[in-house]
Amino acid sequence: MTHKNERLINLLVPVLSVVLGLLLGAIVMLAFGYDPVLGYASLIDGAVGGPFYIGETLRQATPLILTALGFAVANTAGFFNIGVAGQALFGWVGSISVALMMPDLPKLLLVPLCLLVGALCGAIWAGIAGFLRAYFDTSEVIVTIMLNYTALYIANHVVRNVLTKGDDATPQISENASLRTDWLTTLTDNSTLHLGLIIAVMMCIIVWIMMQKTTLGYELRAVGMNPYASEYAGMSTKKNIILAMAISGALAGLGGSMEGLGNFQNLFVQGSMPSIGFDGMAVSLLGAGNPFGILVAGILFGALKIGGVSMPIGSDVPTEVVDIVIASIIFFVGSSYLIRYFMKKFKRNEQKLIAANGTKKGVN
Amino acid sequence: MDAFISTASIVVSSALIYAAPLIFTALGGTFSERGGIVNVGLEGIMVMGAFSSIVFNLAFAEQLGSWTPWIALLVGGGIGVIFSLIHAVATVNLRANHIVSGTVVNMLAPALAVFLTRILFEGKGQTEIIQQNFGKSSVPLLKDIPIIGQIFFTNTSAMAFVAIFVSILAWILLFKTRFGLRLRSVGEHPQAADTLGINVYFMRYAGVMISGLLGGIGGAIAAQSISLNFSHSTIAGQGFIALAAMIFGKWNPLGAMGAAIFFGFAQSLSVIGSYIPLIKDVPSVVLQTAPYILTVIVLVGVIGKSEAPAADGETYIKSK
């Protein structure tokens with residue numbers, strides 16, 4: 001298989017996975033007596049049918065892009081950071097805490113400060129897993145799963161006992177800490193779209209430059225490909241492990257800040273892990289870990305999620321169908337062997353056909 | 001003295017109620033990982049077990065009476081087996097990353113279960129409360145032992161004792177039978193096992209399906225003895241705690257059982273903590289996070305690196 005073919009297949013796997021996932025969703029709808037055409041029509045209408053819906057879709061995509069970038073950075077360095085949800089939650093807690101503590105700071109100072117603290121909280125939480133992996137060789141998968149639940153209970157405790165006196169939600173943050181701006185709100189017909197989108201896009205570019213054009217990115221990729229060889233080449237594996245997890249957590253924490261400063265404008269008691277964690281992992285897998293792939297995948301998932309909310313209104317289809325579609329898309333991405341296998345087979349048949357035609361021509 | 005006995009009795013019985021689903025699910029995880037398939041999808045398997053058992057329970061409670069929860073348990077296990085096949089196909093045949101596949105299982109299960117709940121219960125996201133549940137029961141004979149009988153065997157969770165019994169069976173199956181030897185060999189060194197004529201793919205399917213059976217049962221117990229209905233929050237993290245219990249127990253059924261009882265105790269503390277004089281003043285956040293933090297500490301301090309089955313998480317490709 002040539003290099004060019006391989007690149008084509010790498011692009012086709014996610015595209016085909018999306019198609020197969022949507023197809024499976026249609027089959028589920030058909031099987032339970034719903035009209036898939038109407039279902040998907042109302043999904044599309046609810047996702048991009050007007051400036052308001054486009055704004056909501058992009059707002060939904062914003063934290064997903066950041067948590068996905070976080071997952072991707074760790075993954076490039078060979079770590080499975082299943083804890084992005086907990087790190088995002090801590091970012092959320094950190095940002096809201098600062099915003100509530102200093103509500104009167106000028107906006108130009110307060111917003112960056114809130115974002116910085118959010119990123120830092122995520123970085124520290126993920127850094128624990130990185131540190132334990134580096135020095136004690138403990139599985140980052142298990143540690144981050146455990147840290148997820150620890151974060152959940154600590155965050156709820158902070159809401160009830162630190163930020164409020166026994167309430168289930170904090171007060172709204174001041175205008176000075178908010179990421180929302182009038183021009184974006186008016187532009188999108190009063191949607192909740194906020195400046196976070198610009199931050200998310202900027203981060204895509206920064207992460208791409210960092211991973212592709214800097215020594216740090218090179219080392220992280222090298223450690224991911226072969227930790228022994230990179231150690232032999234003089235790179236510090238320990239340092240790179242901790243750094244990769246901390247950067248990953250910082251991005252996830254920023255994702256959480258987006259929910260706090262942009263979307264909800266407060267923090268509340270959570271019944272389960274914020275969904276931007278696992279959805280971010282899905283976005284990252286679909287985007288094949290490439291920052292620009294993640295940008296596209298994040299917007300697609302944002303559209304699915306927001307469109308899914310409109311499905312029961314326009315077509316009676318329960319919104320959970322969207323989550324079934326998302327899970328199956330990731331199933332097909334994860335099982336890309338299946339797609340690659342059939343594509344190779346298809347290609348071989350085609351080549352046989354060409355070869356057969358060729359000999360025929362030769363005879364003539 | 002009486003006050004002590006009644007407090008101890010409350011502590012033990014609620015610890016056992018919370019432990020029972022964890023024991024079954026942790027045992028399930030043990031079988032899957034002994035066969036070399038990492039199963040972070042236990043949480044999703046529990047969700048399907050919980051959902052199907054509640055639906056069955058609501059549908060057949062009138063005909064089956066007090067037998068309902070027990071039969072619903074088997075239904076939950078059966079659905080767990082079917083659902084676990086997704087993980088088996090993806091990891092064994094389609095060469096998917098085990099954690100990605102397990103995550104898919106965890107994402108799919110609540111979506112599918114709540115979707116089906118809406119279809120079955122007129123658009124509602126949660127079911128009615130079941131009438132036939134695993135109440136508290138006392139163990140005959142043993143309950144008459146002075147003090148101990150009252151603390152351990154009166155008004156307690158029958159399922160916990162079934163779970164302890166099943167743990168012993170699981171240990172025998174894994175370490176004393178041919179099947180167990182084969183399953184473990186596939187998880188340690190699949191190439192060697194293959195050379196000896198063991199069907200690696202079949203054994204790995206078996207391991208994952210047993211985890212589906214036991215995880216489904218675990219979910220069914222949680223639903224029918226703790227939440228008593230099904231919603232998206234019926235199973236909230238128990239699958240991951242069971243996973244932790246399995247690691248805590250060093251991939252050994254008896255160790256997993258012990259760890260699951262400990263986690264059950266820790267979980268119940270945050271629920272009944274306010275009744276117990278000694279820990280009444282401990283902030284609930286400490287009790288809630290304790291099982292998770294302890295797991296991390298044990299991972300760092302106690303468990304060596306070589307404890308997991310050697311080929312755990314590796315996809316075996318026959319032609320290699």
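Of everything listed in (1) touching a residue at least 24 places away in the same chain (Cβ under 8 Å); (2) over 20 Å from B:ILE79 (Cα atoms); (3) among the hydrophobic types (A, V, I, L, M, F, W, C); (4) not in a helix (DSSP H, G or I), the single unmet condition for B:VAL139 is (1). Away from every other protein chain (no Cβ under 11 Å), more than 30 Å from B:ARG95 (Cβ to Cβ) and of a type in the set (Ser, Thr, Tyr) - does that describe any residue in the stretch B:307-318? No - not one qualifying residue is present in the stretch B:307-318. Looking across the stretch B:192-215, the residues that are touching a residue at least 60 places away in the same chain (Cβ under 8 Å) and not small (Gly, Ala, Ser) come down to B:ASP194, B:VAL200, B:TYR201, B:MET203, B:ARG204, B:TYR205, B:VAL208, B:MET209, B:ILE210, B:LEU213, B:LEU214.
For B:ILE210, state whether it is assigned to a loop (DSSP other than H, G, I, E, B), buried (at least 22 other Cβ atoms within 10 Å of the Cβ) and within 14 Å of the chain's Cα centre (by Cα).
No: the conditions fail for B:ILE210.
Scanning the stretch A:229-255 for residues that are touching a Pro at 6+ places or on another chain (Cβ under 7 Å) and either aliphatic (A, V, I, L, M) or at pLDDT 90 or above (or both) yields a total of 1. Among residues of the stretch A:327-348 that are at the interface with chain B (Cβ under 9 Å from one of its Cβ atoms) and free of Cβ contacts under 8 Å to residues at least 40 places away in the same chain, those with a Cβ under 9 angstrom from a residue that is buried (at least 24 other Cβ atoms within 10 Å of the Cβ) and among the aromatic types (Phe, Trp, Tyr), sequence gap 6+ or separate chain, pair up as A:LEU338/A:PHE332.
The requirement of being under 19 Å from A:PHE332 (Cα atoms), assigned to a helix (DSSP H, G or I) and under 23 Å from the mean Cα position of the chain (by Cα) is not satisfied by B:VAL81. Being in a helix (DSSP H, G or I), modelled with pLDDT of 95 or more and under 22 Å from B:ALA170 (Cα atoms) holds for only one residue in B:ILE54, B:ILE45, B:ILE17, and it is B:ILE45. Candidates are the residues of the stretch A:103-143 that are part of a loop (DSSP other than H, G, I, E, B) and at negative phi; the one that is nearest to the other protein chains (Cβ to nearest Cβ) is A:THR138. Look at (1) within 13 Å of another protein chain (Cβ to nearest Cβ); (2) at pLDDT 95 or above and you find that A:SER275 fails only one, number (2). Here A:LEU100 passes the criteria (1) part of a helix (DSSP H, G or I); (2) touching a residue at least 40 places away in the same chain (Cβ under 8 Å); (3) within 14 Å of chain B (Cβ to nearest Cβ) except the one numbered (3).
If only residues of the stretch B:173-187 that are more than 22 Å from the chain's Cα centre (by Cα) and part of a helix (DSSP H, G or I) are counted, the one that is surrounded by the fewest Cβ atoms within 10 Å (Cβ to Cβ) is B:ARG178.
For the stretch B:267-298, enumerate the residues that are farther than 19 Å from B:ALA236 by Cβ and away from chain A (no Cβ under 13 Å). Of everything in the stretch B:267-298, those that are farther than 19 Å from B:ALA236 by Cβ and away from chain A (no Cβ under 13 Å) turn out to be B:SER274, B:TYR275, B:ILE276, B:PRO277, B:LEU278, B:ILE279, B:LYS280, B:ASP281.
For A:LYS238, the conditions (1) surrounded by fewer than 20 Cβ atoms within 10 Å (Cβ to Cβ); (2) more than 14 Å from every other protein chain (Cβ to nearest Cβ); (3) in a loop (DSSP other than H, G, I, E, B) all hold with the exception of (3). State yes or no: is B:PHE230 buried (at least 21 other Cβ atoms within 10 Å of the Cβ), within 14 Å of chain A (Cβ to nearest Cβ), at pLDDT 95 or above and out of contact with any Asp or Glu (no Cβ under 8 Å at 6 or more places or on another chain)? It is true that B:PHE230 is buried (at least 21 other Cβ atoms within 10 Å of the Cβ), within 14 Å of chain A (Cβ to nearest Cβ), at pLDDT 95 or above and out of contact with any Asp or Glu (no Cβ under 8 Å at 6 or more places or on another chain). The conditions of being surrounded by fewer than 18 Cβ atoms within 10 Å (Cβ to Cβ), in a helix (DSSP H, G or I) and out of contact with any strand residue (DSSP E or B) (no Cβ under 8 Å at 6 or more places or on another chain) are not met by B:TYR205. Against the list (1) assigned to a helix (DSSP H, G or I); (2) at pLDDT below 90, the condition B:GLY218 fails is (2). Here the stretch A:168-222 is the region considered, the condition is being assigned to a loop (DSSP other than H, G, I, E, B) and among the small types (Gly, Ala, Ser), and the residue that is farthest from the chain's Cα centre (by Cα) is A:SER174. When B:VAL282, B:VAL166 are screened for being within 13 Å of B:ILE23 (Cα to Cα), surrounded by fewer than 23 Cβ atoms within 10 Å (Cβ to Cβ) and of a type in the set (Val, Ile, Thr), only B:VAL166 passes. Checking the stated criteria, A:GLY308 turns out not to satisfy the condition of being within 14 Å of chain B (Cβ to nearest Cβ), buried (at least 22 other Cβ atoms within 10 Å of the Cβ) and under 30 Å from A:LYS165 (Cα atoms).
How many residues does the stretch A:161-180 hold that are under 29 Å from B:VAL282 (Cβ atoms) and buried (at least 16 other Cβ atoms within 10 Å of the Cβ)?
Count: 3.
When restricted to residues that are over 29 Å from B:PHE240 (Cα atoms), surrounded by fewer than 16 Cβ atoms within 10 Å (Cβ to Cβ) and charged (D, E, K, R), the stretch B:106-149 contains 2.
Of all positions in the stretch A:80-97, at least one carries a residue that is assigned to a helix (DSSP H, G or I), more than 20 Å from the chain's Cα centre (by Cα) and surrounded by fewer than 24 Cβ atoms within 10 Å (Cβ to Cβ). Checked against the criterion of being surrounded by fewer than 21 Cβ atoms within 10 Å (Cβ to Cβ) and within 13 Å of chain B (Cβ to nearest Cβ), the stretch A:287-296 contains one or more residues that satisfy it.
Among residues of the stretch B:1-12 that are under 16 Å from B:PHE265 (Cα atoms), those with a Cβ under 7 angstrom from a residue that is part of a helix (DSSP H, G or I), sequence gap 6+ or separate chain, pair up as B:ALA8/B:ILE151; B:SER9/B:GLN150; B:SER9/B:ILE151; B:ILE10/B:ILE272; B:ILE10/B:TYR275; B:VAL11/B:ILE272; B:VAL12/B:ILE151; B:VAL12/B:PHE152.
Yes or no: the stretch A:144-153 includes at least one residue that is out of contact with any Asp or Glu (no Cβ under 6 Å at 6 or more places or on another chain), without any contact (Cβ under 8 Å) to a residue 24 or more places away in the chain, at the interface with chain B (Cβ under 10 Å from one of its Cβ atoms) and within 30 Å of A:ALA77 (Cα to Cα).
yes
In this structure, B:VAL208 does not satisfy being more than 14 Å from chain A (Cβ to nearest Cβ) and farther than 24 Å from B:GLY78 by Cβ. Across the stretch A:313-321, a minimum of one residue is classified as touching a Phe, Trp or Tyr at 6+ places or on another chain (Cβ under 7 Å), in contact (Cβ under 8 Å) with a residue 40 or more places away in the chain, surrounded by fewer than 22 Cβ atoms within 10 Å (Cβ to Cβ) and not in a helix (DSSP H, G or I).
The values are calculated or read from the model by the stated rules, or taken from the named source; none is laboratory data. All of these numbers come straight from a predicted model, not from anything done at the bench. Backbone-built Cβ (ideal geometry, glycine too); neighbour counts: all protein chains shown.
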